[in-house]
Structures are given as structure tokens and as C-alpha cells.
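Remarks on the structure that follows.
The values are calculated or read from the model by the stated rules, or taken from the named source; none is laboratory data. From a predicted model like this one, the values you see are computed outputs, not experimental measurements. Cβ coordinates were reconstructed from backbone atoms using ideal geometry, including for glycine residues, and neighbour counts include every protein chain displayed.
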Amino acid sequence: MKSIKLSIVALFIASASFAQVKEVKTETAKAVQAPVATVTPAPTPKQSVIKWDKEIHDFGDIEKGKPVTYEFSFTNTTNETVLITNVKPACGCTAANYTKTPIKPGEKGMVAATFTAASPGGFQKTVTILTKEGAVDASKTVSFKGKVIDTAAPVTTDKKTDIRS
């Protein structure tokens, strides 16, 4: 039994003496200057120079749930061909249609905004129009407003009525 114990201890000492030791090297980190990345912001479109017949439209009183449409028209007063690249209504209650062909100098184009009112009360909505005027990106915002009347709701009056029983 003693010989087994001695053999185990000898084996342990032998394996420990032949074990590999990882050599740790310490180096001082050299300061490396990373190249500075220049961030250029996305160019914002400039204000459109085409001539709009009307930029704000007042629908007045409209019925709840009944769509109304107004056509904003413009004339290309530039020396370049104009192309409407995108039309963005401000909310989901407004749909837009627009001239999709290039508009040459002196020609007219249009953006039609259709509004469907879901709740009574006053409203004011905008539509942003993105154009390509020659080689320049431009934008224009037009708007419309009005008051939605709920024709199904009973009309209330300020007069008091006598109730007799």
C-alpha cells in the first residue's frame, strides 16, 4: 500500500514539473490615432421655386365621413424640367395624387389632396411635396383646413324648454 501511495505522489510531482507554463508578456500599448471620420449630414431639400396658385385652402364646413378633395396647382417658372418625386400627407386621413410626368418650363402640374374626416371639429392638415428641379432636390408644404360637421348628431340649442307632465 505504501508503494502505491509513493507511486501516486511521484506521478503527481513528475506531471507538475513537466507542465507547461504560459509566459505572460507585458507590453505597453502604443497610442494609435484612428483616422477621424467626417460625417456629412444628409442634404436637406431647399425651398421649391415653382409658382403655386394657392398654398392654403379652406374647405369651410364639411360633413363627417364624406371625402373632400382640393387640387393644388402650380406652374413651372424655372428654366429646368420639374419632377414631383414624392408627396407625403401628414396623416392617414389624407390621400394624395399628383402629376407623375416631368413638367417642362411654363407647363402646369398638380397635387390633389383628399381628406376624409372621422371626427367633428376644426382641422388643419399639411401635405409635403418633394420635387427634383433640374439637378436640385426641393420641397414645398401646402395645407388645407376646415370644420367637420356631424350631420347625424342632433342639433342643440341654447333655448330652455318647459317640460310639462
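I need a count of the residues in the range 116-150 that are of a type in the set (A, V, I, L, M, F, W, C), out of contact with any His (no Cβ under 6 Å at 6 or more places or on another chain) and under 13 Å from D61 (Cα atoms). Spell out the reasoning first.
We begin by selecting, within the range 116-150, every residue of a type in the set (A, V, I, L, M, F, W, C); these are 117-118, 123, 127, 129-130, 135-136, 138, 142, 144, 148-149.
Right, trim to out of contact with any His (no Cβ under 6 Å at 6 or more places or on another chain) and you get 117-118, 123, 127, 129-130, 135-136, 138, 142, 148-149.
Narrowing further to those that are under 13 Å from D61 (Cα atoms): 117, 123, 148-149.
Selection size over the range 116-150: 4.
For the range 126-139, what are the residues that are among the aliphatic types (A, V, I, L, M) and either in a strand (DSSP E or B) or within 17 Å of E71 (Cβ to Cβ) (or both)? Listed by number, the residues that qualify are V127, I129, L130, V136, A138. Residues that are part of a loop (DSSP other than H, G, I, E, B) and surrounded by fewer than 13 Cβ atoms within 10 Å (Cβ to Cβ) within the range 73-104 comprise T77, N79, C91, G92, K100, T101, K104, listed in sequence order. Taking the range 44-64 as the range and being outside any strand (DSSP E or B) and at pLDDT below 90 as the test, the residues that pass are T44, P45, S48, V49, I50.
Looking at the range 46-71 only, could you name the residues that are among the hydroxyl-bearing types (S, T, Y) and surrounded by 16 or more Cβ atoms within 10 Å (Cβ to Cβ)?
S48, Y70, listed by residue number.
Can you list residue pairs whose Cβ atoms sit under 6 Å apart, with the first residue in the range 91-120 being of a type in the set (G, A, S) and the second being surrounded by fewer than 16 Cβ atoms within 10 Å (Cβ to Cβ)? Count only pairs 6 or more apart in sequence or on different chains. From the range 91-120, the pairs are A95/T114; A112/T69; A112/E71; A112/N97. Return only the number of the condition from (1) surrounded by fewer than 16 Cβ atoms within 10 Å (Cβ to Cβ); (2) touching a residue at least 40 places away in the same chain (Cβ under 8 Å); (3) under 12 Å from E71 (Cα atoms) that F144 does not satisfy. Answer for F144: the failing condition is (1).
Selection of the range 105-125 for residues being closer than 23 Å to K66 by Cβ and assigned to a strand (DSSP E or B) yields M110, V111, A112, A113, T114, F115, G121, G122, F123, Q124, K125. Scanning the range 102-150 for residues that are farther than 13 Å from T85 by Cα and among the β-branched types (V, I, T) returns T114, T116, T126, V127, T141, V142, V148, I149. If only residues of the range 121-136 that are of a type in the set (V, I, T) and touching a residue at least 40 places away in the same chain (Cβ under 8 Å) are counted, the one that is surrounded by the fewest Cβ atoms within 10 Å (Cβ to Cβ) is V136.
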